[in-house]
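The values are calculated or read from the model by the stated rules, or taken from the named source; none is laboratory data. Note that the coordinates shown come from a computational prediction; the quantities given were computed from them, not determined experimentally. Every residue, glycine as well, gets a Cβ built from its backbone with ideal geometry; the counts of neighbours run over all protein chains shown. For the accessible areas, the whole protein counts, side chains as well, though only heavy atoms, and no ligand, DNA or RNA atoms are used. Shrake-Rupley method; radii C 1.70, N 1.55, O 1.52, S 1.80 Å.
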Amino acid sequence: MIFITGPLFSGKREVARELLHCEEEDFSRLAIWNVEDLAAGDENLDTLAGRLAEQYPVVIATEMGGGVVPIDPAQRRARERAGRLACLLAQRADTVVRVFCGIPTVLKGRL
């Protein structure tokens, strides 16, 4: 599995489509994005990470927070869970790529 992360609108999906050599129609079958939203639920994060890693060749998550700690406890919990999910996905991934300004940087493995 390839795990791609980076800030909002940094070009993560475009990089993923290039890596998968696919058109938009096939993309949703081969990749899942915005997985940080899934972390906000009550599912066990280890179970969720395992399921995503098995089901999709590419998993994409938006980096959350950037050091900003929300006052609202629910928002704080959601960001913490999103960060933990990203760590679990990165551990399971063969390749981890961070995309910034449309430029992919391999953090783990090879493309």
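Close Cβ contacts (under 8 Å, 6 or more residues apart or on different chains) running from residues in region 40-63 that are within 22 Å of Leu19 (Cα to Cα) and in contact (Cβ under 8 Å) with a residue 40 or more places away in the chain to residues that are surrounded by 14 or more Cβ atoms within 10 Å (Cβ to Cβ) and acidic (Asp, Glu) comprise Ala61/Glu36; Thr62/Glu36.
Residues checked against (1) at pLDDT 95 or above; (2) of a type in the set (A, V, I, L, M); (3) in contact with a helix residue (DSSP H, G or I) (Cβ under 8 Å, 6 or more places away or on another chain):
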{"residue": "Leu8", "(1), (2), (3)": "no, yes, no"}
{"residue": "Asp46", "(1), (2), (3)": "yes, no, yes"}
{"residue": "Val69", "(1), (2), (3)": "no, yes, yes"}
{"residue": "Arg77", "(1), (2), (3)": "no, no, no"}
{"residue": "Leu85", "(1), (2), (3)": "yes, yes, yes"}
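The set of residues from region 18-44 being of a type in the set (Gly, Ala, Ser) and exposed (fewer than 15 other Cβ atoms within 10 Å of the Cβ) comprises Ser28, Gly41. Across region 58-86, the number of residues qualifying as surrounded by 12 or more Cβ atoms within 10 Å (Cβ to Cβ) and either within 20 Å of Ser10 (Cβ to Cβ) or polar (S, T, N, Q) (or both) comes to 14.
Pairs are defined by a Cβ separation below 6 Å, a sequence spacing of at least 6 or placement on different chains, a first member in region 96-110 that is at pLDDT 95 or above and open to solvent by 70 Å² or more (accessible area, probe 1.4 Å), and a second member that is in a strand (DSSP E or B) and β-branched (Val, Ile, Thr); the pairs so defined are Arg98/Thr5; Arg98/Thr105; Leu107/Val96; Lys108/Val96.
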